[in-house]
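The next block holds one structure in the form of structure tokens; read it before the comments.
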Amino acid sequence: MFPPQPIQVTCPQCNRPFTALVHNIIDVSARPDLKEQFLRGRLNVAGCPHCGFAGAIGAPLLYHDAEKELALVLMPTDLNLPRDQEERLIGSMTNALIDSLPPEARKGYLFQPRTFLTVESLVRAILEADGITQEMLEEQEKRVKLVQDLRSRLDNDEQFQAFVEEHRSEIDYELFLTISAMINAAHEEGRTTDASSLVTLRNRLTEAIGEPAGPMPGEVEVKTFDELLDVLLGAESQEELQAMVATNRAIFDYIFFQQLTDHIEAAQQAGDTERAGELLQLREKVLKATQTVDQATQAALENAAERLREILSADDPYAEIRRRLDEIDEAFLVVLAANIAQAEEQGNKDVAGTLRNLYDFILERLEEQMPPQGRLINQLLRADTAEQRAQILDAAGDAVNTELVQLLETIADDAKAQGQQQMAHEFEEIIRLAKERVEDRRDD
């Protein structure tokens, strides 16, 4: 284990010194969580206790993955170290790592680590070793950008239809998978406004072009594990199975695979070789599907982490956000929210406050671009009591209609499918109030 080391840094904002903790060695076998933190832009990030400015700390880093036989060194160019000092640092980190390993694990690749000058190049190398190519990253980035462009035109039907026609060839099965994954992420982070906007987009696209050339992602609604197995075994293709996994990723966890293994062993002990073989094949297919979905999600998060690093390092982060607002997506908000949570867990109140202000600023700018229904739903969710929600609905007038109720019901169903019971309950209360007003208007 390699604990973080204290170093003295000078804040680039207020030029005052402070002490920060940095990790110089990541051994994936011992601390896989550090790999995730690094890839998401959360490792070696510190906040100034004097002015609250938060940013990444340029520090040497040795990354080790024994399973893939990777020994990678980050030596940032802005350190401006003489060559001999760089070599001593690399040698010191390498020796510390080797000394921590058992003799049989001390292999030749450890003595010739590859050196990288930027975080971005190191991240690319790690992702490539994980099977995520640069082409995959670029393709996912294009899909996310297309989703944002479509969302920005939701409140203008003419512009939306024209844009859909212009990009019809790009609106395919993979794009619907991306939208479903973004809806899931929004639900998990409690960003109900984003979720409602994405649900609206998915419905509008289905109305405009029909179902894509592939299985539409759908929620798996089952009560028992045996019912879930029947649904999965009924998938007609790997693509359809992958769609189920993408839309319901949270249920395909350790417990799922443990239960599936128990069913396989029970079938083998009962001498039912056909059932056991069927379930073994299913396990392999689900594992492949989860890896594919996770790689796509990881790619989106890595792109988001890089954008966050760039925004935080800008002279005026708020101006940079305004300039790059079209690049702010669900993955970016997930990464930013994770950084806020980490700062709060570590007691860095100034950093957490700075990041929270950025988060609120982004939500305000995004809300300005939302269609009227999205803004109305957001107002309803921010209300603290049923009385306040009733007042908001009364003030909305004709905007409270059957279409709004149907949208609310769709979002509530999505929340239930994702296990977000509290959120679903809130929507049910809003739906009840909205239906009352629709019925009263119909009676008048």
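The values are calculated or read from the model by the stated rules, or taken from the named source; none is laboratory data. Treat the numbers as computed from the prediction; the structure is a model and nothing was measured. When we count neighbours, we look across all protein chains shown, and the Cβ atoms used for this are built from the backbone with ideal geometry, even at glycine.
Here are some notes:
- Options 261, 297: the member that is more than 17 Å from residue 144 (Cβ to Cβ), assigned to a helix (DSSP H, G or I) and of a type in the set (Ser, Thr, Tyr): 261
- Residue match in segment 303-325 (condition: more than 23 Å from residue 149 (Cα to Cα), of a type outside the set (Gly, Ala, Ser) and free of Cβ contacts under 8 Å to residues at least 24 places away in the same chain): yes
- Scanning segment 135-161 for residues that are within 18 Å of the chain's Cα centre (by Cα) and modelled with pLDDT under 85 yields 136, 137, 138, 139, 140, 141.
- In segment 52-65, residue surrounded by the fewest Cβ atoms within 10 Å (Cβ to Cβ) [restricted to those that are outside any strand (DSSP E or B) and in contact (Cβ under 8 Å) with a residue 60 or more places away in the chain]: 53
- Pick from segment 300-322, criterion out of contact with any helix residue (DSSP H, G or I) (no Cβ under 8 Å at 6 or more places or on another chain) and part of a helix (DSSP H, G or I), ranking: nearest to residue 361 (Cα to Cα): 319
- Checking residue 270 against (1) touching a residue at least 40 places away in the same chain (Cβ under 8 Å); (2) loosely packed, with under 15 Cβ neighbours inside 10 Å; (3) farther than 28 Å from residue 172 by Cα; (4) of a type outside the set (Val, Ile, Thr), the condition it does not meet: (1)
- Pairs linking a residue in segment 365-388 that is more than 16 Å from residue 423 (Cβ to Cβ) to a residue that is modelled with pLDDT of 80 or more and in a loop (DSSP other than H, G, I, E, B), with Cβ atoms under 7 Å and 6 or more positions apart or on different chains, are 366/328; 369/152; 371/154; 371/155; 372/155.
- Candidate set from segment 124-152 (those that are touching a Phe, Trp or Tyr at 6+ places or on another chain (Cβ under 8 Å) and buried (at least 19 other Cβ atoms within 10 Å of the Cβ)); member that is farthest from residue 375 (Cα to Cα): 126
- Conditions (1) of a type outside the set (Val, Ile, Thr); (2) surrounded by 15 or more Cβ atoms within 10 Å (Cβ to Cβ); (3) within 22 Å of residue 195 (Cα to Cα); number of the one not met by residue 352: (3)
- In segment 361-390, the qualifying residues are those that are under 20 Å from the mean Cα position of the chain (by Cα) and at pLDDT 85 or above, and the one that is surrounded by the fewest Cβ atoms within 10 Å (Cβ to Cβ) is 361.
Residues checked against (1) surrounded by fewer than 18 Cβ atoms within 10 Å (Cβ to Cβ); (2) among the acidic types (Asp, Glu); (3) at pLDDT below 80:
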| site | (1), (2), (3) |
| --- | --- |
| 231 | yes, no, no |
| 251 | yes, no, yes |
| 254 | yes, no, yes |
| 260 | no, no, no |
| 318 | yes, no, no |
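- Contacts under 8 angstrom Cβ, first residue in segment 155-172 being in a loop (DSSP other than H, G, I, E, B), partner loosely packed, with under 12 Cβ neighbours inside 10 Å and of a type in the set (A, V, I, L, M), 6 or more apart: 172/213
- Listed here are the helices (runs of 4 or more DSSP H) enclosed by segment 342-444 that have at least 1 residues being over 30 Å from residue 33 (Cα atoms), touching a helix residue (DSSP H, G or I) at 6+ places or on another chain (Cβ under 8 Å) and among the acidic types (Asp, Glu): 349-368, 386-396, 402-417, 421-443.
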